[in-house]
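Contents: one structure, followed by commentary.
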Amino acid sequence: MAYPFTPRRDSKMSRQEKGDDLERSVLMVLEAFKTDGHIVAEYALAKKSSYPDFWVKDSKGREWLLECKNREPHGLKQGGIWMENLRWVQKNILSKDWSNAQYQVRRSHDERGRRHGSGTTYVNPDHPRPALVTTLLTYDYDALSALRDFFGDNIVQTIYPSWYAGSGWVLELVSGLRKIFTQP
């Protein structure tokens with residue numbers, strides 16, 4: 001299966017920088033949704049890598065834990081693209097602490113728009129729903145099945161990595177997060 005774009009590697013960005021890039025993008029969308037007031041009431045960025053990346057309380061009072069994966073296609077010499085397997089998904093996504101009673105966060109924003117982040121802040125989520133924000137669903141059958149079993153329909157796919165300029169991925173991110181936070 002050919003993709004409608006030619007993947008390019010941005011050798012100037014490390015894996016960490018690429019992950020941070022998607023997190024910054026999600027932060028901007030959450031801030032816009034919070035400012036609007038009809039979609040997001042509060043949000044915070046996790047402080048530990050063992051946690052999902054974000055805690056969010058939507059305007060309906062539901063809580064969410066979001067994990068972001070800024071994937072890019074890796075071509076294979078024999079054709080096609082590399083697909084992550086179940087072991088990778090378990091290690092890098094499903095092994096996050098999805099059921100902790102308390103999460104240490106940074107850059108917390110409350111319902112009145114006040115930013116908290118100078119010290120350690122904690123949130124105590126009440127039955128949070130998991131969600132995945134990923135650029136590509138480049139996962140093999142078993143891995144994708146495990147993701148669908150865990151996240152259900154709460155997967156936002158932007159198709160292009162966040163550093164692909166002009167690809168429309170921002171609109172896909174906004175639309176996907178809006179759909180998740182406003183669903184019944």
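The values are calculated or read from the model by the stated rules, or taken from the named source; none is laboratory data. It should be emphasised that the depicted structure is a prediction, and the values quoted were computed from it without experimental measurement. Glycine gets a Cβ as well: all are built from the backbone with ideal geometry, and neighbour counts include every protein chain shown.
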Next item on the list: Take the residues in segment 1-25 that are within 22 Å of residue 151 (Cβ to Cβ) and either among the small types (Gly, Ala, Ser) or in contact with a strand residue (DSSP E or B) (Cβ under 6 Å, 6 or more places away or on another chain) (or both), then tell me which one is modelled with the lowest pLDDT.
Entry: 19
Checklist line | First in segment 39-51 and more than 23 Å from residue 179 (Cβ to Cβ), second anywhere and outside any loop (DSSP other than H, G, I, E, B) and among the charged types (D, E, K, R), Cβ under 6 Å, 6 or more apart | finding: 47/106
Notebook entry, point to check: Can you tell me which of 37, 113 is farther than 20 Å from residue 157 by Cα and either in contact with a Leu (Cβ under 6 Å, 6 or more places away or on another chain) or at pLDDT 80 or above (or both)?
Noted result: 37
Notebook entry, point to check: Which of the residues spanning segment 54-70 are part of a loop (DSSP other than H, G, I, E, B) and buried (at least 21 other Cβ atoms within 10 Å of the Cβ)?
Noted result: 70
Margin query: Consider segment 122-150. How many of its residues are under 20 Å from residue 171 (Cα atoms) and among the β-branched types (Val, Ile, Thr)?
Written below: 3
Notebook entry, point to check: With respect to residue 90, is the statement that it is modelled with pLDDT under 90 and closer than 29 Å to residue 142 by Cβ true?
Noted result: no
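Okay, residues lined up against (1) among the aromatic types (Phe, Trp, Tyr); (2) more than 15 Å from residue 100 (Cβ to Cβ); (3) in contact with an Asp or Glu (Cβ under 9 Å, 6 or more places away or on another chain):
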| position | (1), (2), (3) |
| --- | --- |
| 40 | no, yes, yes |
| 46 | no, no, yes |
| 50 | no, no, yes |
| 54 | yes, no, yes |
| 60 | no, yes, no |
| 75 | no, yes, no |
Item checked: Odd one out for residue 99 among (1) within 16 Å of the chain's Cα centre (by Cα); (2) modelled with pLDDT of 90 or more; (3) over 18 Å from residue 34 (Cα atoms) -> (1)
Item checked: Qualifying position, being among the acidic types (Asp, Glu) and in contact with a Pro (Cβ under 8 Å, 6 or more places away or on another chain), among 72, 42 -> 72
Check: With 124, 85 as the choices, which residue is at pLDDT 90 or above and in contact with an Asp or Glu (Cβ under 9 Å, 6 or more places away or on another chain)?
Finding: 85
Check: With respect to residue 48, is the statement that it is part of a loop (DSSP other than H, G, I, E, B) and modelled with pLDDT under 95 true?
Finding: yes
